[in-house]
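Structure record follows, encoded as structure tokens.
What follows is calculated from the coordinates using simple rules that are stated; it is not laboratory data. Just so it is clear, the structure is predicted and the values come from calculations on it, not from any experiment. Using ideal geometry, Cβ is built from the backbone for each residue, glycine included, and neighbour counts are taken over all protein chains shown.
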Amino acid sequence: MINALLWAPLAFGIVGLFLPKRATGWWAVLGTLVTLGIAISMVTGFDSGSSGLQDTVDISWISGLGVDYSLGIDGLNLFLIVLTSLLWLGGTAFAAFRPQEKPQLFFFLMLVAETATLGSFLAQDLLLFVLFFDFMLVPFYFLFGAWGSDRVGGPTAAAATMKMIVYTLIGSLLMLVGAIATAIISADGGHLTFSIAAIQQQGLGVDSQRWIFWFFAAAFLVKMPAFLLHGWMPDAYRAAPLPVLVVFSGVLAKVGAYGFLRIVLPLFPAATVEFQTVILVIALASILYGSVMAFTQTNVRLIAGYSSVAQLGFITAGIFALRADGSDGAILQMVNHGLVVAPIFIIVAILYERTGTEDIREMGGMALRAPVLAALFLIVSLATLAMPGSANFIGEFYILNGLFESKIVFAFVAISGVAMSAYYALRMYQRTMHNRKPDGIASREIGLRDGLVLAPLVLCILGLALYPQLILHRTAPTVQQTIAKVTGGQAPEAQLAQK
């Protein structure tokens, strides 16, 4: 089942290359639908009381180097896999409703990207994780560069894509060096292995952990992106085709946060405790910077992009609170953010088709003749600002609770980000849906096709608001085990004093 989940998108993509252009998009939608069905079936069969891996595959791949084809599902990745499958279905369906240049190649790359992303979440071998992590760059390089848009007064799509690749590739190369060093040092002359579980049992010395920690941290912080490592984001977001941006922003940023939980905390526990404060400072800087930039932007893409920087800062803070409730909230918030940012970019595309602009200063008056679109956007906006009663509120509550228990000063600073998110989310909604309608703007209701894409995502937001325990109940055992391995059941300060 897990192999079918991983390779189904790629298989559908290859077949789609040989189909007529008119059928390619819908064939790709079928592929993503099948993948989502498999993911949902794995949720229904998941043992929520177990903290170990389930539905595992472990086959020797490159025996001479100790590399295994090892896959598995647990509380850390279960709902990130479902999120990936769901958003790929939405983004692919939205693209299928519109004509695409070279559709066979476009949808093939989309499905290749889904397989690469799923592989990053499923991999339980360190080198296999690195390979999938790096492979994700390939389809997005072509999707951004070939199908992206050149912006007046800004860099071309090719230049923006190259900038993104340079940033992320440097981080990926650092991670590759770190992965090889981790396996060699942990083996200490014995059997070489890249198995994450085996390396965790063998352990690394504190001195080795210190420098390898930053190799992995750099790769994950660039992918998110975090403050000071986000330089590629504005140009790439402006250039990217919107259906691609739905999955890129909704899913790929989460791979970095997930990497901290899957790799950094279990393999480098001493370094995690030692550098906890440094990472929390980076996380808080991302929250403040992302929030301030979001409410100073006028381009709706960049408002959503900088809000993602802030939200990923919250998620990082939850993980490095080094408490179970903080990490539980981080996983819930990863899913919440994906479910919120994907509809935002779909709505951005719908608004652009009606207005011919992505500048909120030139929009307005949409709600008058498009009440359904306005209602859907309102739900998404309220979830973005973590309105009480939403799953986003529960996620941020868990994260802040973990911070209060661990680093109370950081928690007070993080709260300011909650207040700022209310401003930029409501500002974006008010400027696009209300105010006076500019001349020449087509104000009409959302079409059935776009409604079929957008409504299910909004229903998922509402569903998690009513029952966030769907995720929290299944993540808790694995999260508690992961945090316990870092802190040994003690506060991080006590653990560091022992080290």
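Based on C-alpha pairs under 8 angstrom that are at least 6 apart in sequence, the stretch 172-331 has a relative contact order of 23 percent. About its Cα centre, the dipole of the stretch 180-314 is roughly 380 debye, where the only charges are +1 on Lys and Arg Cβ and -1 on Asp and Glu Cβ. Axis of helix 137-147 versus longest Cα principal axis of the chain: the two differ by about 10°, to the nearest ten degrees.
If you plug the beta carbon distance of TRP26 and LEU169 into 1/(1 + (r/R0)^6) with R0 = 30 Å, you get a FRET efficiency near 0.30. Scanning the chain for GluC sites (Glu not before Pro) in DSSP loops with at most 15 neighbouring Cβ atoms within 10 Å leaves 102-444 as the longest stretch between them. In the chain, the convex hull through the Cα atoms has an average projected area of 21.5 nm², a quarter of its surface area. In order along the stretch 59-76, the Karplus-derived 3J(HN,Hα) couplings, from 6.51 cos²θ - 1.76 cosθ + 1.60 at θ = phi - 60°, round to 10, 5, 10, 10, 4, x, 9, x, 9, 10, 8, 10, 10, x, 10, 8, x, 6 Hz, and Gly and Pro are given as x. Each of SER149 and PHE18 was given a label point 7 Å from its Cα along the Cα-to-Cβ line. The distance between the two points is 3.6 nm. Of interest is the spacing of the C-alpha centroids, which for the stretch 250-271 and the stretch 326-395 amounts to 27 Å. Taking amide H atoms as placed 1.01 Å from N in the peptide plane, the amide H of TRP61 lies under 5 Å from those of VAL67, ASP68, TYR69, each 5 or more residues away in sequence or on another chain. Spatially, the stretch 90-115 and the stretch 454-469 are offset by 25 Å when compared through their Cα centroids. Between ARG354 and MET387, the modelled labels are 1.8 nm apart [label points 7 Å from Cα along Cα→Cβ]. Evaluate the distance, in nm, between pseudo-label points positioned 7 Å from the Cα of ASP207 and of SER63 along their respective Cα→Cβ axes. Modelled inter-label distance: 3.6 nm. Computed from the Cβ-Cβ distance with R0 of 22 Å, the FRET efficiency linking THR296 to GLU362 stands at 0.80.
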